[in-house]
Structures are given as C-alpha cells and as structure tokens.
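The structure appears right after this line, and notes come after that.
Values quoted throughout were computed directly from the atomic coordinates according to the rules given, and no laboratory measurement underlies them. The structure displayed is predicted, hence computed values, not measured ones. Virtual Cβ from ideal backbone geometry, glycine too; neighbours counted across all protein chains shown.
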Amino acid sequence: MKPISYLITEGKLTKKNFQTESEKVLRIIRGAVEVGISLIQIREKNLSARLLLELTKKVVEMRGKSPTKILLNDRVDIAVLAGADGVHLPSTSIPTEVIRRYFPKPFLIGVSCHDYLECENAMKAGADFVTFGPVFSTPGKGFPKGLQALSDVAEKLKPFPVLGLGGITQQNYQDVLKVCRGFAAIRFFNDEENLKKICRKFA
C-alpha cells in the first residue's frame, strides 16, 4: 500500500506579504501536486478570510484533475466555498461529529491528535485520518511522543490511517513509515528537494 504523504504549508503568509510570498507557496504546492503528494493542508492562520479564500481557490484550480487532495486548516466554511476536498481540525476546533453531520463523505476530515484516546474519538466521530505527534522533538510543540507511542496507536486503530507528525527529517522518515500509514510535515515537505525525492519514492 502506498504511504500517505501530507504537506502542510508553513503559515508565514500575512496581509502584508501576501502579494510577494504567496507565489512561493503556490510554487511549492505545484511541485507537490506534480510529484503526486497525497494530501496538502493550507495552514495560513494569519490571513484574512478573503485572502485565504483567494489562495485556496488558486490551489484547487492548480490541482486540476490530480488525485492530490486539498484540505484547509480549521476553516470548513472557506474549504466548502473554495471547492477544497476537506478540512483539517486542530484538537481545539469544532467537534468532528458536528462537521461530519453537515458534510458527509467524501468530504475529508483530518484531526490533530496527541494521544490514543483523542485518535480513537476522532475515528469514531467520523474522521478520515488523524495526525499523531509530535513524534520527534520540534520547536514549540512540547515533549515528543516517540516512535513507540506512534506505533502503539497505529497498531490499535488499524486499518484506520494514523500519520506521524513532528520533527520528521531525511534521517527518520523511514522509521515512521515502518510503524504507520504515512506522515505529515511542514519544514520537511516545504524543502523542494526533499519533496521531490520522497514523493518519487512513494510513487
């Protein structure tokens, strides 16, 4: 089974730099689509709703008929208006079951989780997958859970997709793939060379 690869944008866009920096974000996303990444999450919390809608529409149009799925962080309203495939919910967001009630499958719901119970609850509430982490040390994300914790959660919830998140690097991503369905990354996948190398291996 092909591993799930999940790019998360860096969250650096603002109203002030949108006109200049959004092109870089779109270039990385275009490259990700071209090499067949599974999922892309637009996670730009500093943008106004209007600019976020504009960006998401461009990404959806760019994706075209590619199998890559586009999700928006937290903002289900903008995801629907832009024609995205789904939403990724932080652990503090609207409950998964509420979103699922109004947006049945194939609308995708991913959920950020930090322990087994959160993962299990998200699965039962109708999520399509969860991210679990931080697996490894990453700035500002608390104490790492470790590979064993990721492995335990993924094993208990099989075949439900659990993706590792946090501190993923060239040196450790293969260890992550040995214990779960795939991984999500911000810095790792926003490096265009890493993106090309890894996604081509997954093809």
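Can you tell me the dipole magnitude for the chain around its Cα centre, using point charges on the Cβ only (Lys, Arg +1; Asp, Glu -1), in Debye to the nearest 20?
The dipole magnitude comes to about 400 debye.
Diffusion of the chain by Stokes-Einstein, at 20 °C in a medium of 1.002 mPa s and with Rh set to the Kirkwood radius over alpha-carbon pairs, works out to 127 µm²/s.
Run lengths n ≥ 4 of DSSP H only: what is the helix-derived mean residue ellipticity at 222 nm for the chain, with -39500 (n - 2.57) per run over all residues, to the nearest 500? Mind dumping the intermediate values first?
Working: 8 runs with 83 residues, N = 203.
My calculation for the chain gives -12000 deg cm²/dmol from helical runs alone.
Just list whichever of Lys178/Lys201; Lys45/Lys145; Lys12/Lys45; Lys12/Lys145; Lys57/Lys201 have alpha carbons separated by over 18 Å in the model shown. Kindly include the intermediate steps, with their values, before the conclusion.
Details: Lys178/Lys201 15 Å; Lys45/Lys145 25 Å; Lys12/Lys45 8 Å; Lys12/Lys145 26 Å; Lys57/Lys201 29 Å.
Going by Cα-Cα distance, Lys45/Lys145; Lys12/Lys145; Lys57/Lys201 fall outside the 18 Å limit.
In this structure, the amide hydrogen of Ser112, modeled 1.01 Å from its nitrogen in the peptide plane, lies closer than 5 angstrom to those of Leu89, Ser91, Thr131, counting only residues at least 5 positions away or on a different chain. Can you give me the Cα centroid spacing of segment 91-144 and segment 1-41 in angstrom? After rounding, the separation between the Cα centres reads 20 Å.
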